[in-house]
Each structure stands twice: as C-alpha cells, then as structure tokens.
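So the structure is just underneath, and the comments pick up after that.
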Amino acid sequence: MSRQVTVAAIQLEAHARAAFTQCWPRICTRIREAASNGAQLIVLPEGTVPAYVIGHEPVDVEILQAALDDVQSLARSTATVIVYGSVRRTAHEQYNSAYVVDSDGSVAGYADKCFLWHFDRSWFAAGRLAAPIPTSLGRLGVLICADGRIPTIGRALVDRGAEMLVMPTAWVTSGKDPEQLENVQADLLAQVRARENAVPFVAANKVGVEQACVAYCGKSQIIAADGTVAAFASQRAEQTLIETIDIASARAPRTSLSNPPTAPVRDRDLRIAITPHDVEAGTIKETLGADELIGPGTRDDAGLIEKAAAACVADDLVSDPGGLVSYRLSGYRLLIWRSEFEDLTWIRTLARARALELRVFIIVICKGVVAFAIDPDGAVVCGTFGGFHVASFLFSPLRTTQTAVAPATDIIEGLERASLTPA
C-alpha cells in the first residue's frame, strides 16, 4: 500500500558564516512559506547553520542551539517535518550534520556526513552511517552531499528500512562551463540513487558563491522512486520546489554480494573493439589495430580477461548499488556487462553511474542492438549505431588508479569505509 507525502526542497542563496545571523530570519520565513503552501516535509541545504565553509574556528554552540530551537518551534507551529544541514558539536568533535525535527517539534534524530569532501576534513570529523530516522511521515534515510557518491550508503539506509532518501547538500561546481554548472550528482547520480533503491530522493542545494572560492550549482531535486524527476530547480536562483510524491512498500531488487578473487595487476594499454553483432574477429581486429574484440557471446572473453584482468557482470549485479563494489575493491578495472534490459536509456545511465562512482571502465553489450564503452569519468567513449557495427576505444588502466575525486578525497577510501559499516 502506498501513501502520499508533499515535500519541499528549499534552495538557498549561499551565505558566509559571518552573515548567518542576518540571513537566518529570512530562511525561517522560507520555511513558513513552504509549510503554508502544503509541504509536510521540508528539506534545507547542507551547512545552512551557520554556513558550509566554516573555517577552523569552532562554531559557538549557543548559535547552533538557538537555530535548533527556532526550527523546533517552526516544526511545531506548522506541523511539518524539517531536515536541515548544521554543524553539530560534541565535547571532542565537530560534525557536518543534518538534524531531523519532527512535526511535534521534537528532535527525531541526526545524521553525520560519512564521506567528507575536500576541505570538509579540515574542520569536521567523519561520521558513521546512521540508522533511518523515524518520523511522523515515515522513516527517512538521511545522507549528506558526497555521501551520495558512495552507492552502498543509500543502499544500507534503504535495506535498514528507509522509505525515502533525503539529502541536505552543497553540490559545488568547478566553473568549467559558466553556462552549465556541472555536478555529477545533480546531473546523473541523484536519479540513479532513487531508482536503484526504489524510494523517492529529495536533495536541497545552494546557489551562488561562498567565500569567493566555492560555487554552487543549484539543481535541487525531488525524484520519484522510479527515477523520474518530479521537480528540478534552477542552477542560479533561490527556489522552493514543492511536489507530492508516493511512498510505497515495494522493495528494490537485491542480489547476494560476492567477494571475487583479487584481480592480478595489469598495466598495459589495450585497444579494444566492441560489437553487439557476430562479426569476423580476425579481419576487424586487423583493420582497427585492436588487441581484442568483445562481442555478444562469451567465446572471445578469455583473452581480454587475461590481458586486462577484466570481469563479466550481469544485470542483477549492476542494478544492485552494492553489486560491483567488491569487484572494484578486489582490483578489477574493466567490467564487461552483457545486458538483457530493454530500456536503453536506463542501461546507459546506470553504466555511466557505475563507471563514475567506482572509477572503472565498463563495456556494455546489448546483443543485436548496441555496444558502447564508458570511461572512469562516466563518459561514453565509443559506441555502435546504424551500420556502424564495431567501435573501439583505448583501455588505459592508469586512469582507473586516479581515484582522488577532490583534494584529499579518495573514492576507494570512501568505498572501503562504507563497506566496514555493520548492517
């Protein structure tokens, strides 16, 4: 049986820590407005209190408590559940956290950011994965920003009973293209996190610039359990998204997670040809200068498996957010996925997400239809179409060793740390 919840994601203009007390009343007004427009669950960005870039000076606990008091009063007076990003202080540590305040004004719980990003680790301690937080609207799986890059974090929250994934975030952008503020979570992974877990996903981000060196991409989102984007915010303007979403009891498909043998180290670059059709391998390899050709059947796999330390994976493993993690942690750098799914758009999206989040190359072959390859940045590097039955690409193992996705932020470390979290 399903039920409906009206959700608001409040996208805020970035503010500096020094400006927090000045900005806070306006933020509280935005919360009231969202509630008056029917929102039952209201989500605010990461680092709303007092800011994201806080520096090394400890945050005054009185400021944190005063903000929490205000949110509790707002939740009580509007009968809404409010999730907001805040510094959390203990006697010995400082965390990048999200508080969940229930509709009666009580603190339902909090979550600490597990996968710290770039300068986060300069002033925050890494958190441990929290259990889903029970509220009057259901059990919320709360994760913060870069936690969404580690597929097993969302998986664990849902497998422990979360009915919705909620993310206060501070998605940043490099400024590479000022016309299109890119962020891989906003542009790709958020939809995958919803669909692979069969639960809605809500992310509230910031816009603008903080401390002249941190730019935000906006693009707050409310996503249905099937990965459909129900609401999507601007990349530059403050905005409140409000959407009614379905909370269902359906469970995401899971597979038994295996521990493959450790892959041998292979450092040689290879030219690999791929095809969804049965073709004459010898002629094709000679024409393209390819070391190996991989087609719809498995008869040609042995050579590539040996030369590249590749592994073959099936639909169930790729669909499960934890299915390929053990392969990456066992040293595999190239995965061959022969898919029987019919939705080519979803196949491509899922392959891009897996390659990106694990920093591996993935070859996808849909027999008789299409073949393509994805690099560790999640980009399609070659693919077949129409009469172009064979494509080729350069597999460079060195690229898969470049696992730092931001300064001092290593994706392998994040995957290993998440894998140690008890279920």
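In the set (1) loosely packed, with under 12 Cβ neighbours inside 10 Å; (2) farther than 18 Å from residue 383 by Cβ, residue 310 fails one condition alone, (1).
Just one residue in the set 320, 301 is among the acidic types (Asp, Glu) and surrounded by 19 or more Cβ atoms within 10 Å (Cβ to Cβ); that residue is 320. Considering region 288-340, the residues that are aliphatic (A, V, I, L, M), over 18 Å from residue 271 (Cα atoms) and not in a strand (DSSP E or B) include one that is farthest from the chain's Cα centre (by Cα), namely 314. The criterion of being touching a helix residue (DSSP H, G or I) at 6+ places or on another chain (Cβ under 7 Å) and hydroxyl-bearing (Ser, Thr, Tyr) holds for residue 392. Based on this model, can you work out whether residue 196 counts as acidic (Asp, Glu) and within 29 Å of residue 108 (Cα to Cα)? Judged against the criteria, residue 196 is a match. In summary, residue 274 fulfils each of the numbered conditions (1) in contact with a Cys (Cβ under 9 Å, 6 or more places away or on another chain); (2) outside the structural domain of residue 376 (by TED's automatic domain parsing) with the single exception of condition (2). In this structure, residue 413 does not qualify as assigned to a loop (DSSP other than H, G, I, E, B) and either free of Cβ contacts under 8 Å to residues at least 40 places away in the same chain or surrounded by fewer than 21 Cβ atoms within 10 Å (Cβ to Cβ) (or both).
Close Cβ contacts (under 8 Å, 6 or more residues apart or on different chains) running from residues in region 112-125 that are over 20 Å from residue 215 (Cα atoms) and outside the structural domain of residue 54 (by TED's automatic domain parsing) to residues that are part of a helix (DSSP H, G or I) and β-branched (Val, Ile, Thr) are absent. Tell me, please, whether a residue that is in a loop (DSSP other than H, G, I, E, B), under 19 Å from the mean Cα position of the chain (by Cα) and either among the acidic types (Asp, Glu) or in the same structural domain as residue 153 (by TED's automatic domain parsing) (or both) can be found in region 356-371. Checked region 356-371: no residue is in a loop (DSSP other than H, G, I, E, B), under 19 Å from the mean Cα position of the chain (by Cα) and either among the acidic types (Asp, Glu) or in the same structural domain as residue 153 (by TED's automatic domain parsing) (or both). Within region 71-97, the set of residues being within 14 Å of residue 135 (Cα to Cα) and part of a strand (DSSP E or B) comprises 81, 82, 83. When residue 353 is tested against the conditions (1) free of Cβ contacts under 8 Å to residues at least 12 places away in the same chain; (2) within 19 Å of residue 326 (Cα to Cα); (3) among the small types (Gly, Ala, Ser), the lone failure is (1). Being assigned to a loop (DSSP other than H, G, I, E, B), assigned by TED's automatic domain parsing to the domain that holds residue 219 and not aliphatic (A, V, I, L, M) is the requirement here; does residue 62 meet it? Spelling it out, it is not the case that residue 62 is assigned to a loop (DSSP other than H, G, I, E, B), assigned by TED's automatic domain parsing to the domain that holds residue 219 and not aliphatic (A, V, I, L, M). Considering only residues in region 1-60 that are over 28 Å from the mean Cα position of the chain (by Cα) and among the charged types (D, E, K, R), the one that is surrounded by the fewest Cβ atoms within 10 Å (Cβ to Cβ) turns out to be 57. Would you be able to tell me the number of residues in region 372-399 that are closer than 22 Å to residue 287 by Cα and either in contact (Cβ under 8 Å) with a residue 60 or more places away in the chain or in a loop (DSSP other than H, G, I, E, B) (or both)? Matching residues across region 372-399 total 14. Only one of the numbered conditions (1) of a type in the set (A, V, I, L, M); (2) more than 24 Å from residue 229 (Cα to Cα); (3) touching a Pro at 6+ places or on another chain (Cβ under 7 Å) is not met by residue 43, and that is (2).
The values are calculated or read from the model by the stated rules, or taken from the named source; none is laboratory data. Quantities reported herein were computed from a predicted structural model and do not represent experimental measurements. Positions of Cβ are backbone-derived with ideal geometry, glycine not excepted, and every protein chain shown enters the neighbour counts.
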